[in-house]
1. Show the residues, 5+ positions off or on another chain, whose built amide H is closer than 5 Å to the amide H of Ile309.
2. Report, in order of residue number, the helices in the chain meeting two criteria: a C-alpha extent of 27 Å or more along the helix axis, and a mean Kyte-Doolittle hydropathy of at least 0.0; treat each whole DSSP H run as one helix.
3. Between region 179-193 and region 322-366, how far is it from one alpha carbon centroid to the other, in angstrom?
4. In whole Å, what is the distance between the alpha-carbon centres of region 245-284 and region 55-95?
5. Can you list residues from other chains, or at least 5 along the same chain, whose modelled amide H is less than 5 Å from the amide H of His82?
6. Arrange the following residues from fewest to most other Cβ atoms within 10 Å of their Cβ: Met128, Met160.
7. Take Ser123, project a point 7 Å from its Cα along the Cβ direction, then tell me which residues of region 49-67 have their backbone nitrogen under 16 Å from it.
8. Non-local amide H neighbours of Met53 (under 5 Å, H modeled in plane, Pro and chain starts lacking H): which ones?
Amino acid sequence: MSTQSNRTAPSGFLAMVEERYRRAADLIHLRDDVRLILSQPKNVIEVNFPVRMDDGSYRLFQGYRVQHNNILGPYKGGIRYHPAVSMDEVKALAALMTWKCSLVGLPLGGAKGGVRIEPRRHSTDELMRVTRRFAHALGSNIGVDYDIPAPDLGTDAQTMAWFMDTYMNSVGYATRNLHRGVVTGKSLTCGGSQGRDKAVGQGILDLIEVWSRESGFPIAGARFIVQGFGQVGSWTALLLERAGAICVGVSDYRGSLANPAGIPLRRLREYVAIHGTIAGFGGAEAVDSETFWSLECDFAIPAALENQIDERVAARLTARLVVEGANGPTTPAAERLLLERGVTVLPDVLANSGGVIVSYFEWTQNKNNEQWDLEEVDARLARRIVRAYENAREVAARYETDLRTACYIVALERLEAAYAERGIFP
């Protein structure tokens with residue numbers, strides 16, 4: 001069996017995701033029919049929609065929604081707003097969501113979406129109109145039991161509130177409140193879950209705690225750097241600080257900061273809330289990118305965009321543990337170099353799965369009209385993400401492979417079992 005021969009060559013990020021998928025599929029001799037199905041997304045949606053700007057002019061925006069696979073449950077995945085959003089990027093991210101949901105045992109499939117836009121250049125009103133028009137353009141391609149979006153890069157709880165409200169106002173009035181779960185990552189006021197804002201960071205902390213116990217390396221006193229200081233990076237840094245670790249470096253799209261005595265993270269977060277960047281913050285020294293990646297540290301957390309740790313960066317890293325808060329931040333060549341040096345890499349498909357796990361909790365609470373307390377959410381998250389880590393560790397030992405490939409294997413074996421039991425219609 002083979003896919004269509006006229007397919008264009010994928011971009012670097014998509015090619016990387018596909019390469020890692022094929023490696024795991026080859027190791028377990030994945031069934032040919034399942035391999036064929038998983039090699040391409042089920043649905044690819046591209047929409048173009050006009051939006052009125054504040055000055056009265058109109059601009060045409062392009063948006064995407066890729067639904068990769070739903071054998072395990074409804075499609076699930078974030079929506080990102082970024083000027084570099086492309087179809088190949090969204091395809092790669094949708095596939096990662098399929099592996100991620102399967103790895104952590106969620107009854108959900110994989111999807112992703114995005115709009116090509118620079119959010120920082122638009123007013124709140126313009127972003128609201130973009131979001132509402134995008135939700136309307138997607139129409140019946142989303143739904144509480146079909147495809148459930150969530151926040152991602154450049155979007156947040158406010159974006160999800162607009163998205164939800166637009167969708168709810170397009171369904172029958174008598175049943176509109178049954179559709180709150182059409183998106184997750186909402187504010188508590190709009191039906192969100194306790195702990196959703198810090199979910200990725202909390203999951204990363206849970207994994208680092210397990211790694212710390214296994215390796216005998218304590219978190220208290222450990223030094224770490226974070227690339228990206230949005231929701232994922234800032235929450236991860238704050239939670240690690242609470243556990244006794246010291247943040248010696250932070251980087252974002254405008255610059256990098258270093259302070260060997262520790263960066264005052266709460267002050268930095270307040271500064272970023274006002275200025276939108278870490279640049280100009282007075283509690284640390286401004287450094288260049290090369291210096292940032294060369295800082296003496298024990299943990300490195302890339303929490304920005306894909307392909308940030310290449311071979312040059314990997315050669316400079318002093319960390320003994322890399323935790324991928326972002327999707328695809330480490331290139332295959334860089335990862336090989338890190339593994340050869342004895343550096344542990346906790347891969348994206350596992351490390352940042354706290355977001356979709358707590359999104360699943362939010363969706364479940366919405367469907368059951370419940371509200372769990374924070375302690376219950378955190379405990380459920382820890383159990384699920386640690387179990388996925390332990391399963392991957394066992395598979396890595398059994399196949400004598402790296403942890404990332406093992407995570408893919410766990411995911412693929414569950415998907416293969418579902419197809420084996422259900423068959424392929426007709």
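1. Thr330, Thr331
2. 403-422
3. 24
4. Each part's Cα centre sits 30 Å from the other's.
5. When sequence neighbours closer than 5 places are left aside, the close amide H contacts are Val115, Ile117.
6. The order, fewest Cβ neighbours first, is Met128, Met160.
7. 51-59, by backbone N distance to the label point.
8. The answer is Tyr58, Arg59.
Just so you know, all these numbers are worked out from the coordinates, no wet-lab data involved. Source: prediction; values computed, not measured. Note that each Cβ is placed from the backbone with ideal geometry, even for glycine, and that neighbours are counted across all protein chains shown.
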